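Participant: Below are the structure tokens for one structure; questions will follow.
The values are calculated or read from the model by the stated rules, or taken from the named source; none is laboratory data. Quick caveat, the model's predicted, so the values are computed rather than measured. Glycine gets a Cβ as well: all are built from the backbone with ideal geometry, and neighbour counts include every protein chain shown. Remember, those area values only see protein heavy atoms, side chains included, never the ligands or the DNA or RNA. Shrake-Rupley method; radii C 1.70, N 1.55, O 1.52, S 1.80 Å.
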Amino acid sequence: MADIDAAAGKKRRWRKVLIICGVVVAVLAGGTAAAGTYYFDNVALPEDVAMARSTTIYYADGVTPIARIGDTNRTVIPIDQVPPDVQHAVVAAEDPTFYANSGAGYGDFARAAWYSEDEWRGHATISQQYARQWAALEGDGYARKARESVIAIKLNQQYEKTKVLEMYLNICDFGRGAHGIQAAAQAYFGKAAKDLTTAEGIVLAALIGDPQADPAADAGPVRQRFTEIQAAMVGLGFLQAGGLDYPARIRTADETRSDDTKLKAALAGPGGLIVHHVLGEVAALTDPRTGQLLYADQDRDGKRNFDKVRNGGLKIVTTVDQRIQEAAVRAASRTSAGSVMQDQPENLQAALVAVEPTTGAVKAYYGGDQGHGNDYAGHYDDPVLGDGNETCCGGHPPGATFGVYALAAGLMAGYRTDSGWNGTSPQEFPTSGRTLKQGNPVKNAGEGAADAPACRSGKPTWCTLDEAAVMSLNTPYYGLTEAVGADKVIDVARAAGISEMWATVDGAMQRVDVAHHDGKAVSPKYFGTEAGIGQYPVTVLDQAAGMATFAARGLAAHTHFLKEVWTDGKKTFGEVVRPTRVPGLTVEMADDVNAVLQGVPARYGLGLAGGRPVAGKTGTWQFGPTTGVAHAWMVGHTASDPAAKSPGLAAAVWVGNRAEEHNLIDRAGRPVTGATLPGTVWRAFLDDALTAVAMPVAAFPPAAGTGAKTVGTGVR
């Protein structure tokens with residue numbers, strides 16, 4: 001019976017050989033037979049290879065991943081990023097005649113008919129293996145195998161061998177969920193493909209035929225294959241005899257799974273907010289020639305989607321520095337051991353953003369411990385992963401920290417930092433005519449009717465702008481804003497980096513775009529004189545950007561998270577930095593502002609380690625009609641001196657409520673002010689971050705003493 005079955009099987013095989021050869025002999029002989037020519041011409045190459053591949057978001061170094069999106073771990077790279085010895089290892093393992101063969105030949109067609117599927121796999125060329133995956137060919141019939149061979153031949157006719165090998169290396173399954181040589185290099189050796197050694201490349205080549213093998217846990221079969229491939233490389237002239245040692249260190253499967261878990265978990269943690277912000281920027285990128293979105297596509301119904309971003313295998317490099325980001329999380333997250341926020345009352349929440357002066361690059365972003373939903377440092381519009389709903393919680397009243405822009409506007413109007421202003425509290429401002437009503441006086445933060453500021457003159461009616469800034473007095477800065485105009489203060493703020501503010505419209509908070517509307521367009525319509533004392537909410541991100549502008553002595557750069565986008569190994573977008581001067585704000589005026597702000601950390605004991613020069617501003621906003629505080633801030637920056645290779649760093653910290661507003665009380669039962677929790681987080685962060693990146697110390701230029709007016713509203 002067995003002999004009868006064997007004979008029948010052999011007969012069927014010979015029948016297949018005769019049928020298929022009747023077609024392909026004519027094709028390979030020059031296409032003289034009509035049937036063969038027709039068959040060959042009608043097997044088309046797929047026009048577009050839609051390989052499933054994940055998009056990876058990286059820190060600014062372009063090497064360390066933050067997170068991965070998409071379902072398939074694959075990153076497409078060009079062949080020049082694969083070392084020649086690694087290329088040769090794959091050729092020796094899978095197709096020793098690769099560089100000479102046509103992709104498929106007579107013998108290949110015969111094998112297509114004669115051998116079983118398992119036997120056929122061992123005889124398929126690299127071109128045929130790629131053709132099967134590329135064209136998504138299924139089944140093991142000779143028709144499929146013949147089609148596969150024709151496609152392989154056409155591939156070799158259309159592409160150089162190096163291109164065929166490149167495509168093959170990017171589509172192979174190497175096990176551990178790693179598709180393509182780049183993902184495999186990371187999964188097994190924790191490095192980029194370009195950094196693979198010859199021995200490591202041989203290990204990966206051995207896995208192509210058996211991706212379920214584990215070269216770390218059960219290396220027996222892989223070691224044997226390693227030896228065979230090495231010998232084949234020597235025989236082909238790719239290696240000299242002598243022998244390579246099996247790699248001493250191969251990552252375990254658990255390590256690979258841990259990496260994958262971390263990259264997916266990153267979206268749920270603080271890094272997820274960075275991902276949302278950067279994806280929002282990627283989705284908004286347009287072609288400068290056509291105005292069309294660079295990375296958008298349309299589905300069959302004509303609806304716009306961003307599959308090119310989600311599953312396009314992009315390499316997205318952010319501006320965020322891993323070392324600075326980790327310092328931000330250590331300082332501001334309540335889950336970080338040693339953080340001042342640890343064990344604070346549950347209602348307390350911190351947010352921290354750091355921006356690089358002169359470039360506007362966001363170097364760290366902490367908007368909370370959750371990567372989706374509430375973003376306490378800003379808000380994002382991410383059509384790639386977001387649900388289309390505006391995120392919560394980004395705007396907070398900045399209090400006296402907004403007085404920095406009022407101070408700059410005052411200098412631009414000709415006032416000096418030592419001009420005198422009425423610091424009496426409470427104080428009526430009947431000339432306002434905007435939002436302040438008679439009988440609703442302005443008060444200095446935390447003061448009652450009988451309290452008065454202790455200005456240097458000894459008279460509460462004569463406080464200079466510099467001491468009013470250091471002491472966070474509201475009444476002098478309200479008076480200053482009255483004098484110069486709230487629209488002028490907003491113009492300075494928007495030029496420095498404030499892109500949006502919130503106003504109460506018909507009893508509800510409404511976000512107002514000030515980036516594209518000047519002060520006169522939004523004041524007094526939305527914002528009155530209270531802008532100068534920080535009544536209107538802004539984001540922590542924008543406040544960090546504003547401080548970066550003063551660190552750069554009045555040069556403002558567009559704030560951004562996106563550094564580069566790479567598609568198929570080619571850079572398709574690179575950041576463009578064009579800092580511009582705040583209109584009307586001279587370098588000398590910026591130096592005067594910085595001279596004033598250096599007094600704030602000194603007053604509150606918030607100086608940096610080693611005496612590094614630093615400027616800052618505290619601020620609070622009250623809890624309803626009480627004297628308590630609902631929002632507390634500390635913002636500021638170190639000096640920027642690019643010539644000394646010290647770009648400086650600006651940081652803004654907010655501490656407030658996670659949800660419903662309450663009076664801010666710390667774990668010791670003390671009221672929270674700008675100099676307490678926010679100030680401590682701010683100082684700890686800057687010390688940690690600047691040490692981590694070894695930022696050289698830079699000094700602020702001295703005050704220039706700009707302005708001619710020596711008297712404001714003060715009365716001696």
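Participant: Test of understanding: among 152, 253, which residue is modelled with pLDDT under 95 and more than 19 Å from residue 91 (Cα to Cα)? Walk me through how you get there before you give the answer.
Facilitator: On the way: 152 fails: more than 19 Å from residue 91 (Cα to Cα).
Checking each option against the conditions leaves just 253.
Participant: Here's a follow-up. All but one of (1) open to solvent by less than 10 Å² (accessible area, probe 1.4 Å); (2) in contact with a Cys (Cβ under 9 Å, 6 or more places away or on another chain) hold for residue 396, so report the exception by its number.
Facilitator: Tallying (1) open to solvent by less than 10 Å² (accessible area, probe 1.4 Å); (2) in contact with a Cys (Cβ under 9 Å, 6 or more places away or on another chain), residue 396 fails exactly one: (2).
Participant: Looking only at helices (runs of 4 or more DSSP H) that fall completely inside the range 462-533, which ones have 3 or more residues that are more than 26 Å from residue 560 (Cα to Cα)?
Facilitator: By residue number, 465-470, 474-484.
Participant: Starting from residues that are closer than 24 Å to residue 221 by Cβ and touching a helix residue (DSSP H, G or I) at 6+ places or on another chain (Cβ under 7 Å), keep the ones in the range 161-176 and report whichever is surrounded by the fewest Cβ atoms within 10 Å (Cβ to Cβ).
Facilitator: 171
Participant: Quick check on the range 601-620. Is at least one of its residues surrounded by fewer than 19 Cβ atoms within 10 Å (Cβ to Cβ), within 25 Å of residue 537 (Cα to Cα) and touching a strand residue (DSSP E or B) at 6+ places or on another chain (Cβ under 9 Å)?
Facilitator: There is no residue in the range 601-620 that is surrounded by fewer than 19 Cβ atoms within 10 Å (Cβ to Cβ), within 25 Å of residue 537 (Cα to Cα) and touching a strand residue (DSSP E or B) at 6+ places or on another chain (Cβ under 9 Å).
Participant: Could you list, in sequence order, the residues of the range 40-62 that are of a type outside the set (Gly, Ala, Ser), assigned to a loop (DSSP other than H, G, I, E, B), at pLDDT below 90 and open to solvent by 30 Å² or more (accessible area, probe 1.4 Å)?
Facilitator: Residues satisfying the conditions are 45, 46, 47, 48, 49, 51.
Participant: Is the range 185-195 home to any residue that is touching an Asp or Glu at 6+ places or on another chain (Cβ under 6 Å), modelled with pLDDT of 90 or more, under 26 Å from residue 56 (Cα atoms) and hydrophobic (A, V, I, L, M, F, W, C)? If you could, list the steps in order and put the result at the bottom.
Facilitator: The initial filter retains those residues of the range 185-195 that are touching an Asp or Glu at 6+ places or on another chain (Cβ under 6 Å), namely 189.
Keeping just the survivors that are modelled with pLDDT of 90 or more gives 189.
Subsequent filtering for residues that are under 26 Å from residue 56 (Cα atoms) retains 189.
Right, trim to hydrophobic (A, V, I, L, M, F, W, C) and you get 189.
Yes, the range 185-195 has at least one match.
Participant: Hey, residue 67 hits all of (1) touching a Ser or Thr at 6+ places or on another chain (Cβ under 8 Å); (2) modelled with pLDDT under 85 but one; which does it fall short on?
Facilitator: The single condition residue 67 does not satisfy is (2).
Participant: Which residue pairs have Cβ atoms under 8 Å apart, sit 6 or more places apart or on different chains, and have a first residue in the range 200-224 that is more than 23 Å from residue 125 (Cβ to Cβ) and charged (D, E, K, R) and a second that is open to solvent by less than 70 Å² (accessible area, probe 1.4 Å) and at pLDDT below 90?
Facilitator: 214/253
Participant: Take the range 259-282 and flag every residue that is within 17 Å of residue 561 (Cβ to Cβ), assigned to a helix (DSSP H, G or I) and of a type outside the set (A, V, I, L, M).
Facilitator: Filtering the range 259-282 down to residues within 17 Å of residue 561 (Cβ to Cβ) leaves 266-267, 269-282.
Subset that is assigned to a helix (DSSP H, G or I): 266-267, 270-282.
270, 271, 272, 276, 277, 280, 281 - these are the residues of the range 259-282 that are within 17 Å of residue 561 (Cβ to Cβ), assigned to a helix (DSSP H, G or I) and of a type outside the set (A, V, I, L, M).
Participant: Take the range 667-698 and flag every residue that is out of contact with any helix residue (DSSP H, G or I) (no Cβ under 9 Å at 6 or more places or on another chain), open to solvent by 70 Å² or more (accessible area, probe 1.4 Å) and part of a loop (DSSP other than H, G, I, E, B).
Facilitator: 667, 670, 694
Participant: Considering (1) surrounded by fewer than 21 Cβ atoms within 10 Å (Cβ to Cβ); (2) touching a Lys or Arg at 6+ places or on another chain (Cβ under 9 Å), say which one residue 495 fails and leave the rest.
Facilitator: Tallying (1) surrounded by fewer than 21 Cβ atoms within 10 Å (Cβ to Cβ); (2) touching a Lys or Arg at 6+ places or on another chain (Cβ under 9 Å), residue 495 fails exactly one: (1).
Participant: What are the residues in the range 570-587 that are surrounded by fewer than 22 Cβ atoms within 10 Å (Cβ to Cβ) and more than 22 Å from residue 321 (Cα to Cα), if any?
Facilitator: Matches in the range 570-587: 570, 580, 581, 583, 584, 586, 587.
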